[in-house]
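The values are calculated or read from the model by the stated rules, or taken from the named source; none is laboratory data. What you see is a predicted model; the values in this text were computed from it and never measured. All Cβ positions, glycine included, derive from the backbone under ideal geometry; neighbour counts span all protein chains shown.
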Amino acid sequence: MHFAADAMLGKLTRWLRLSGYDVYYSRSADDEELLNVAQREGRVLLTRDTTLAEKAKKLGTKVVLVESNSIEEQLIQLRRELGLSYEKTPAKALCPECNGEIVEVSKSEVSELVPPGVLEAHEEFYRCSQCGKVYWYGSHWRSITKRVVRIEGKVSSSEK
Ligand SMILES: [Zn+2]
């Protein structure tokens with residue numbers, strides 16, 4: 001499932017990419033452009049804008065009107081409505097910054113690119129094949145994992 005997100009959904013975009021979902025996002029894209037991209041590439045349009053959501057529906061574009069400003073509520077809504085699941089490891093993630101593919105790289109390949117303390121403390125490194133940003137399974141990923149576990153918990157308790 002691929003998405004096109006409006007400019008208000010930058011944070012959600014990063015979260016979805018981290019979970020491996022391909023998301024078109026551009027701060028400068030206007031409504032027309034978003035609708036075009038969604039239709040042309042078969043993407044589900046994600047928007048906070050009721051007018052845009054109505055327009056998309058009329059055009060027959062699949063759209064989700066995102067109800068909340070809270071990232072957790074947003075992820076829960078998409079899980080409920082579209083059955084999304086959120087990955088807990090970097091291996092299947094897309095780059096949150098640019099939507100590029102992330103590949104595992106060796107320690108020596110990133111030795112010049114990450115702080116020495118990080119290099120010493122971690123064994124697994126990943127790099128975006130598009131923008132070159134380096135990722136590792138450290139505290140950031142652990143906090144993502146915690147949040148995902150919390151979201152999964154909320155969803156399953158509300159389904160009872
Ligand atoms: Zn990237």
Note to self: Conditions first: (1) part of a loop (DSSP other than H, G, I, E, B); (2) at pLDDT 95 or above. A29 passes all but one, so which condition is the exception?
What the structure shows: (2)
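Within the bounds of region 47-54, is there any residue that is under 27 Å from L35 (Cβ atoms), in a loop (DSSP other than H, G, I, E, B), away from the ligand (no atom under 16 Å from the Cβ) and over 17 Å from the mean Cα position of the chain (by Cα)? If you could, list the steps in order and put the result at the bottom.
To start, the set of residues in region 47-54 that are under 27 Å from L35 (Cβ atoms) comprises 47-54.
Cutting the leftovers down to in a loop (DSSP other than H, G, I, E, B) gives us 48-49.
Among the residues that remain, those that are also away from the ligand (no atom under 16 Å from the Cβ) are: 48-49.
With the extra rule that they be over 17 Å from the mean Cα position of the chain (by Cα), the set shrinks to 49.
Yes.
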Notebook entry, point to check: Looking at region 6-28, is at least one residue surrounded by fewer than 14 Cβ atoms within 10 Å (Cβ to Cβ), more than 17 Å from the chain's Cα centre (by Cα) and under 26 Å from Y135 (Cα atoms)?
Noted result: no
Next item on the list: Check off (1) in contact (Cβ under 8 Å) with a residue 24 or more places away in the chain; (2) more than 26 Å from E73 (Cβ to Cβ) for I151 and give me the number that stays unchecked.
Entry: (2)
Check: Has region 109-128 got at least one residue that is over 18 Å from S19 (Cβ atoms) and within 17 Å of the chain's Cα centre (by Cα)?
Finding: yes
Next item on the list: Just give me the residues in region 93-128 being under 29 Å from A4 (Cα atoms) and surrounded by fewer than 12 Cβ atoms within 10 Å (Cβ to Cβ), in sequence order.
Entry: V103
Notebook entry, point to check: Does R142 fit the bill of being basic (K, R) and within 11 Å of the ligand (Cβ to nearest atom)?
Noted result: no
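For region 88-128, which residues satisfy the criterion of being of a type in the set (K, R), touching a residue at least 40 places away in the same chain (Cβ under 8 Å) and within 16 Å of the ligand (Cβ to nearest atom)?
Answer for region 88-128, where residues must be of a type in the set (K, R), touching a residue at least 40 places away in the same chain (Cβ under 8 Å) and within 16 Å of the ligand (Cβ to nearest atom): just K92.
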